[in-house]
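Notes for the one structure printed next.
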Amino acid sequence: MNEFKNAKEAYDNTPIPAELSERVRAGVREGKARYRARRGRTLRRWGATAACFAVLLAGLNLSPTIAKAAAEVPVLGGLFQVLTFVDYDKTEDGIHYDVTVPQLEAEGDLAGKVNAVIQEKVDAHLAKAQQDWDDYREAFFATGGTEEEWADREMDVIVDYEIKSQSESRVSFVVTFAEGWVSSMEERYYYNLDLSEDRDLTLRDCLGENWVETCNAAIERQIAESVDEEGFTFFFAPEEGGFTTVDETTGFYVREDGTVVVCFPEYSIAAGAAGIPEFPIN
């Protein structure tokens with residue numbers, strides 16, 4: 001927990017050169033102007049270039065040297081940037097923290113709301129991990145464990161994110177939280193944003209009015225295809241808590257090729273061995 005707080009304080013306290021800050025804002029404004037000028041035409045993808053830019057800006061608030069040097073680099077025009085807000089890998093008091101937190105930079109209110117939600121989830125995850133570790137330690141010694149045996153114990157706490165796709169106006173990314181000893185149970189949160197409209201994207205936006213029927217048919221087909229010759233599948237039957245239908249709360253992300261992938265939490269519709277079930281909607 002202290003490492004996270006220290007990293008955040010370092011981020012907040014490292015000044016970014018005024019000229020760079022203005023260049024970032026100018027780049028966003030330029031991107032918005034270019035987007036509006038080309039509205040109605042197919043959007044040009046700039047994934048590789050934007051990814052390089054995100055890597056560059058990941059260190060802006062972590063190193064004054066990088067921040068100063070970056071002021072000399074041209075800023076791309078775009079409606080948004082996804083930056084790495086905090087990034088550290090540290091073991092403290094038996095807990096191995098591997099934490100990478102994203103931050104969205106864009107005009108409008110949506111970016112700030114998304115950043116606040118992600119930060120709230122990160123804080124809650126780290127606090128829960130610390131409490132779980134303390135509870136485990138107490139139970140370990142209460143049941144006869146020794147200091148020597150405890151010295152070998154370590155818990156992994158992970159926060160990470162992955163950009164699944166992005167264009168000049170839209171981004172789809174996943175933030176993963178995990179905690180565990182030998183194996184970790186993961187929780188994933190999916191963010192699909194239209195920065196030109198300053199709103200969340202929905203399955204209806206991506207798949208049309210019949211999105212429920214389209215998703216259900218594709219998922220049911222793939223579950224049926226998972227049954228082996230002996231009739232075994234990791235997926236639960238509907239009457240046993242298995243898949244029944246998608247709804248507005250169903251998680252999803254969008255691949256670079258535009259394919260929508262619907263996702264369900266671990267253990268929700270299948271045995272743990274299935275991991276986090278994902279279904280491309282083709």
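Derivation of every value follows stated rules applied to the coordinates shown; laboratory data play no part. For clarity, every value in this text was computed on a predicted model and none was experimentally measured. In this analysis, Cβ positions are derived from the backbone assuming ideal geometry, glycine residues included, and neighbour counts consider all displayed protein chains.
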Put +1 on the Cβ of every Lys and Arg and -1 on every Asp and Glu Cβ in the stretch 204-281; which of VAL254, PHE234, THR214 then has its Cα farthest towards the positive end of the dipole?
VAL254
For a protection proxy built on the mean count of beta-carbon atoms within 10 angstrom, sort 251-258, 162-169, 140-147 highest first, please.
162-169, 251-258, 140-147
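Compute the FRET efficiency between GLU239 and VAL212 as 1/(1 + (r/R0)^6), taking r as their Cβ-Cβ distance and R0 = 30 Å, and round to the nearest 0.05.
Once rounded, the FRET efficiency stands at 0.90.
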Residues listed by number, the stretch 129-147, amide nitrogen under 18 Å from ASP98 label point at 7 Å toward C-beta
129-130
Using a cut-off of under 14 Å, list every residue of the stretch 240-282 whose amide N is near the label point 7 Å from the Cα of PHE232 along the Cα-to-beta-carbon line.
271-274
Can you tell me the order of 129-138, 94-103 when each peptide is scored by its average per-residue count of other Cβ atoms within 10 angstrom, highest first?
94-103, 129-138
